[in-house]
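Heads up, the thing below is written out as structure tokens.
The values are calculated or read from the model by the stated rules, or taken from the named source; none is laboratory data. Being a predicted model, the structure only gives us computed values, none of them experimental. Don't worry about glycine lacking a Cβ; one is built from the backbone with ideal geometry, like all the others, and counts go over all protein chains shown.
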Amino acid sequence: MAEHAGPDLTGKVALVTGGSRGLGEQMVLAFARAGADVVITSRKLETCEEVAQRVREETGRRAFAVASHVGRWSSMDELAEAADREFGAIDVLVNNAGMSPLFEKLSDVPEALYDKVLDVNLKGTFRLSALIGQQMMERGGGSIINVSSYASLSPQPYFLPYAAAKAGLNALTVGFARAYAPTVRVNTLLAGPFRTDVAAHWPEDTAERHRRTYALQRAGEPDEVVGAALFLASDMSSYTTGSIVRVDGGPL
């Protein structure tokens, strides 16, 4: 049986969508500290460059910043091509980018907003996973991590389009795990509430609600996603695929 001293990504290349802030930024930094070179992408190139520079200064790893829009099919094609030109291969893909808009009632959700939620949370992940997963399989292996949400398991009316998209993401995980087996592993990292920049828009009673409705009685700090991400990205999870790994504080 293989022995594992810890997550080691030396010589690997990791691509993280939504990698310029929040959970994505924490995963980028963790992967680089574990030895990986990184591709950081989001819509704003400037913020991606800021994280890339931090990676270079703190870890000495190579970091490639590239702007993309995960809701656009052609943008995912361009992203895959740019990453391939820069590094030649992607070993770890993290589909982290997403959006969850606010609305008053379900009947107020316009078609354009609904389509945007499905495009950003689901369509882009499908296209990028199909492209990079195929490359991983042809090159001998890799790990794809889809960042989902507890909303996908317990959909509430006030985020229903988002919950539906994330439930679809869970399904993609199983389907891609089967499509690219046995060399490519595909898993879901299912996140609960984390105190990223979106926390600034939470209602005033959110902390009290978390105390009542989560076993750990609080939201997670962004760096608390790192352990699960490193596990799924590295050979420590060599017998894990098509799975949902919950990092959600234990909803009651």
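Just one residue in the set G140, G168, G192, G220 is in contact with an Asp or Glu (Cβ under 7 Å, 6 or more places away or on another chain) and touching a residue at least 24 places away in the same chain (Cβ under 8 Å); that residue is G192. Of the residues making up the range 189-217, those that are in a loop (DSSP other than H, G, I, E, B) and surrounded by 13 or more Cβ atoms within 10 Å (Cβ to Cβ) are G192, P193, R195, T196, W202, L216, Q217. Scanning the range 83-94 turns up at least one residue that is among the acidic types (D, E), in contact with a strand residue (DSSP E or B) (Cβ under 6 Å, 6 or more places away or on another chain) and surrounded by fewer than 19 Cβ atoms within 10 Å (Cβ to Cβ).
Which pairs do you get when a residue that is over 19 Å from S68 (Cα atoms), found in the range 106-128, comes within reach of a residue that is modelled with pLDDT of 95 or more and assigned to a helix (DSSP H, G or I), reach meaning Cβ atoms under 6 angstrom, with the pair 6+ apart or on two chains? Between residues of the range 106-128 that are over 19 Å from S68 (Cα atoms) and residues that are modelled with pLDDT of 95 or more and assigned to a helix (DSSP H, G or I), the close pairs are Y114/P161. Being without any contact (Cβ under 8 Å) to a residue 60 or more places away in the chain, hydroxyl-bearing (S, T, Y) and more than 17 Å from T173 (Cβ to Cβ), is that true of even one residue in the range 73-88? Yes. Taken as a whole, the condition of being under 15 Å from the mean Cα position of the chain (by Cα), under 26 Å from P155 (Cα atoms), touching a residue at least 24 places away in the same chain (Cβ under 8 Å) and not in a helix (DSSP H, G or I) does not apply to S20. Against the list (1) in contact (Cβ under 8 Å) with a residue 60 or more places away in the chain; (2) closer than 18 Å to I132 by Cβ; (3) of a type outside the set (S, T, Y); (4) surrounded by fewer than 23 Cβ atoms within 10 Å (Cβ to Cβ), the condition F31 fails is (4). Of all residues in the range 37-59, which are farther than 24 Å from D119 by Cα and outside any helix (DSSP H, G or I)? Scanning the range 37-59 gives D37, V38.
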